[in-house]
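Report on the structure given below.
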Amino acid sequence: MPLIVVVGNEKGGAGKTMTAVNLAASAAVAGQSVLLVDTDGHQNTALKWGTSRATANPDAPPIATVQMQGSTLARDLKTIGAAYDLVVVDTAPADSVELRACMTIADVFVVPVKPSNFELWALQNMGQLFMKVRRHNPKLRAVVVASRIQRDLRPAAAVADVEGFIGENAQGLRDSPIVTVYERVAYDRASGGGLGVAEWQGSRDRAAQEFALVWDAVKTPPQEELDI
């Protein structure tokens, strides 16, 4: 069975697609077979990234990229995703039918958010949605990505801001790990050729090292789950 990861936030500009494509690239570099699913019928950014990868970097590890939408998405995803090690779903910036459908079968719900007051408010609804879906899909766990952090903000401060908001307004995400990702030019330069930061300048690049922590949090369940 594949690891199914859905990346979602109803707030646009949080770094969803950047997170989704880099998760896909990280897994591909590690030798996994990957399916990247774009459910955003308007922007199609993940789909365009996958097309760019196949044409601009044909020697890169392959990532199958498709666009899927509709209320039958969960059923369809189970069928098509069975042939892969990892399925990453990039959703539209909305509390959509596709987001909810994918969460019902997913293993991990990744929530990117910019650590600023206006951006954090979206976590309230995402926390409520996570708790609601877990009643039907108890295996679902969440990872919060404090994304697109500006250089003048320390990671500890960003995490403190996100933790503080979650503690008061989004208790459903309270036990979820929080990983930080800086705003770096490497993401734009890598994505232009359909690459992830893990393969653009090698593992010693700062962006690659930071994102490796996101990939670790997504692929590795908490210790208490591993001990069961």
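The values are calculated or read from the model by the stated rules, or taken from the named source; none is laboratory data. None of the values given here were measured: they were computed from a predicted structure. Here Cβ is always computed from backbone atoms with ideal geometry, including for glycine, and neighbour counts include all displayed protein chains.
Every residue, every condition in (1) loosely packed, with under 15 Cβ neighbours inside 10 Å; (2) at pLDDT below 95; (3) under 18 Å from F130 (Cβ atoms); (4) not hydroxyl-bearing (S, T, Y), yes or no:
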site: I63; (1), (2), (3), (4): no, no, no, yes
site: K78; (1), (2), (3), (4): yes, yes, no, yes
site: A82; (1), (2), (3), (4): yes, no, no, yes
site: L86; (1), (2), (3), (4): no, no, no, yes
site: A92; (1), (2), (3), (4): no, yes, yes, yes
site: D95; (1), (2), (3), (4): no, yes, yes, yes
site: A106; (1), (2), (3), (4): no, no, yes, yes
site: V111; (1), (2), (3), (4): no, no, yes, yes
Notebook entry, point to check: From the set of residues in the stretch 208-228 that are in a helix (DSSP H, G or I) and modelled with pLDDT under 90, which is surrounded by the most Cβ atoms within 10 Å (Cβ to Cβ)?
Noted result: E225
Notebook entry, point to check: When only residues in the stretch 45-61 that are loosely packed, with under 13 Cβ neighbours inside 10 Å and not hydroxyl-bearing (S, T, Y) count, which is farthest from A27 (Cα to Cα)?
Noted result: A56
Check: Of (1) within 13 Å of the chain's Cα centre (by Cα); (2) touching a residue at least 60 places away in the same chain (Cβ under 8 Å), M1 satisfies all except one. Which?
Finding: (1)
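Each row is one residue, and each column tells you yes or no for (1) modelled with pLDDT under 90; (2) crowded, with 22+ Cβ neighbours inside 10 Å.
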{"residue": "V144", "(1), (2)": "no, yes"}
{"residue": "P155", "(1), (2)": "yes, no"}
{"residue": "L195", "(1), (2)": "no, yes"}
{"residue": "R206", "(1), (2)": "no, no"}
Check: Among G31, G15, which is touching a residue at least 12 places away in the same chain (Cβ under 8 Å) and over 26 Å from S176 (Cα atoms)?
Finding: G31
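Within the stretch 69-177, which strands (runs of 3 or more DSSP E) (wholly inside it) include 2 or more residues that are in contact with a Leu (Cβ under 8 Å, 6 or more places away or on another chain) and among the small types (G, A, S)?
Values: elements: 86-90, 108-113, 141-149.
Counting at least 2 such residues, we get no strands (runs of 3 or more DSSP E) at all.
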Check: Quick one: G194 ticks every box in (1) part of a helix (DSSP H, G or I); (2) within 17 Å of the chain's Cα centre (by Cα) bar one, so which box is it?
Finding: (1)
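So is G202 at pLDDT below 95, assigned to a loop (DSSP other than H, G, I, E, B) and closer than 25 Å to S52 by Cβ or not? Spell out how you get there, then give the answer.
Numbers: at pLDDT below 95: yes; assigned to a loop (DSSP other than H, G, I, E, B): yes; closer than 25 Å to S52 by Cβ: yes.
Yes: the conditions hold for G202.
Against the condition farther than 24 Å from K139 by Cβ, in a helix (DSSP H, G or I), in contact with a strand residue (DSSP E or B) (Cβ under 8 Å, 6 or more places away or on another chain) and not acidic (D, E), how does G41 come out, does it pass?
Working: farther than 24 Å from K139 by Cβ: yes; in a helix (DSSP H, G or I): no; in contact with a strand residue (DSSP E or B) (Cβ under 8 Å, 6 or more places away or on another chain): yes; not acidic (D, E): yes.
Judged against the criteria, G41 is not a match.
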Notebook entry, point to check: Are any residues in the stretch 199-211 closer than 15 Å to Y182 by Cβ and in contact (Cβ under 8 Å) with a residue 40 or more places away in the chain, and if so, which ones?
Noted result: F211
